[in-house]
Structure formats: C-alpha cells, structure tokens
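What follows is a short report on a single structure.
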Amino acid sequence: QPASSRRLPSCSGLSPRSEVSRASASPAAAAVARIIRSSAWLACSADGQRFLTAGPTAGFGVYDTRRRGLSNLCQAGSLTAGRVDGHRGRVCALTYHPQGRRRPAEFGHLFVSGGWDNTVQIWDDRRQRSLWVYFGPHVCGSDAIDVDPAQGHILTGSWERHKSMLQVWKFNEDAAHGRLDLDDKSVQEDMLRGRPLGELQQDPTGTPSMGYVAQWLGTQYMVFAGSNANALKIVDRSTLNVR
C-alpha cells in the first residue's frame, strides 16, 4: 500500500519544537533542529508506536508515539574512507519492514531508506548508523521504495533515466540482525560489489521515464510510475515483462 495512503497513528500532542528546546545543551541539538525544520517525508512502524521523519538533510528523526517525543536521531553518513553507514544527501523515501507486524522482535525496528546519494540503506531505528547499503538507485519519490511482505525483497525506482527503472534487491537479514562485522574489510567489499536480483531497463526505443513510484502489486506484479514519459507500467514479477 503506498505510503501516502497508509493510516498513521494519532500523534496529537506531539511537539517537535519542544524537543529542540529541551535538547539545547546537547551536541546533537543543531542536527535535531535541522531535521525537524526540514521534515518532508514520514513512515510509520507496523505497530504504530514509532514514526520516522526525513527531508533535505541526510539524517532523520525517530519519534515515539506513546511518549510523544524524539527517541533517536539516525545520523548522516560518516566520512570515514571505505565505510558507508548513512546517507550523504537528501532522503526521499522511507518504509518500515512489513514483517514487523507479524514478527516484531525480528523486524519491528527495521526500515529502508533511499535518496539523492544513489544509495538504498537498511536501518534499525534504535541505532544511529545504517546496517547495510545498496549502491545505484537515485531515489526521488516518496513511494519509490517498497518491501515485499512475503519474501522481503526490496523494490526501488530510480530517477536516473539512463539507468534501469526498477531494481529488486535481496534484503540482507544477516546485516539487519547484527550477524555481520561491518568493520571487516571483506564485508565492506561484498557491500560495494552488491548487485540487484533483477532490473527493468529503460525502453531504448521510447521516451525514458524518471521514476517516482515503485511498489509491489500483490504477489505477481510490480508497478512503476515516472515523469518525462508520464508513464505507469505494470510489470510481471517473474519475467520482468511489461503488461
């Protein structure tokens, strides 16, 4: 279900501005204030107990709907050579893992993000740094990332029209559940070499589409929508043929 139509929990009484004033002495206060002032996108956890906000900054906030306050700040990517553990540009899409409803202990805090830095990243909303990174998709639409509830595959839509329109990625559960040492050089190399399970290329004979929507449609199809060509495409999941 597209993020724009998901029912969100009531957040009445939540005051982001008060969070900034209470954090005035904290080293992270400036970062918190920037994220709150520029929030443009939102995703809600499956249990309705937390939601994420993101915008032009590379970091984003995690809010607790029960306590009605900020619970964590997911940081922008570090500048350490050879290590990517967060975004370095505008974040445009956020979605929690749908298995969080049925298996909250394993997936309730996991979410996926994408943005202008040509990366898609897996996070735990209790941590400040991302857990895994996929390189390639230039994500611009708030509905350009989706996670399949059955197989856990990540679907992404890219705005870069000279590349593929849709990409399907394997959700790295080992990384998401802390079973990989992200400081291990071989793990970092595996991350850099990662490739999608499947891609839908641009039609070389037609007007290229600049993707804003990529969503799973039941168990058999994917839906893509983009500007420039102003097209909506229904794609067969198993063959990648456009219906």
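Within the straight-line cut-off of under 27 Å between alpha carbons, the lysines reachable from residue 185 are 170, sequence neighbours fewer than 8 places apart in one chain being disregarded.
Could you tell me the calculated FRET efficiency between residue 101 and residue 221, based on Cβ-Cβ distance and R0 = 25 angstrom, to the nearest 0.05?
Values: r = 22 Å, r/R0 = 0.88.
For residue 101 and residue 221, the calculated efficiency is 0.70.
In summary, the aspartates and glutamates within cross-link reach of residue 163, defined as a Cα separation below 20 angstrom excluding same-chain residues under 8 places away, comprise 117, 143, 146, 199, 203, 236.
Calculated FRET efficiency, residue 177 to residue 66, Cβ-Cβ distance, R0 = 25 Å: about 0.50 to the nearest 0.05.
Mind ordering 221-228, 124-131 by average Cβ neighbours within 10 Å, highest first? Don't skip to the answer; put the middle values down first.
Values: 221-228: 19.5, 124-131: 17.8.
Sorting 221-228, 124-131 by mean packing, highest first, produces 221-228, 124-131.
Computed 3J(HN,Hα) for the stretch 71-77, one whole-Hz value per residue from the Karplus formula 6.51 cos²θ - 1.76 cosθ + 1.60 where θ = phi - 60°, is 10, 7, 10, 7, 7, 5, x, glycine and proline marked x.
Could you tell me the calculated FRET efficiency between residue 197 and residue 47, based on Cβ-Cβ distance and R0 = 25 angstrom, to the nearest 0.05?
Numbers: r = 29 Å, r/R0 = 1.15.
Rounded to the nearest 0.05, the efficiency is 0.30.
For the pair residue 236 and residue 184, the difference between a 0.36 nm per residue extended length and the Cα-Cα distance amounts to 14.9 nm. What you get for the stretch 64-161, charging only the Cβ of Lys and Arg (+1) and of Asp and Glu (-1), is a dipole of about 380 debye around the Cα centre. Cβ-to-Cβ counts within 10 Å put 87, 153, 177 in ascending order as 177, 153, 87, the fewest first.
Taking 0.36 nm per residue of separation and subtracting the current Cα-Cα distance, fully stretching the chain between residue 228 and residue 127 would add 32.6 nm.
Rule-based calculations on the coordinates, nothing more; no lab input. Bear in mind that the values here come from a model prediction, so they are computed numbers and not experimental data. Please note: Cβ atoms are built from the backbone with ideal geometry, for glycine as well, and neighbour counts cover all protein chains shown.
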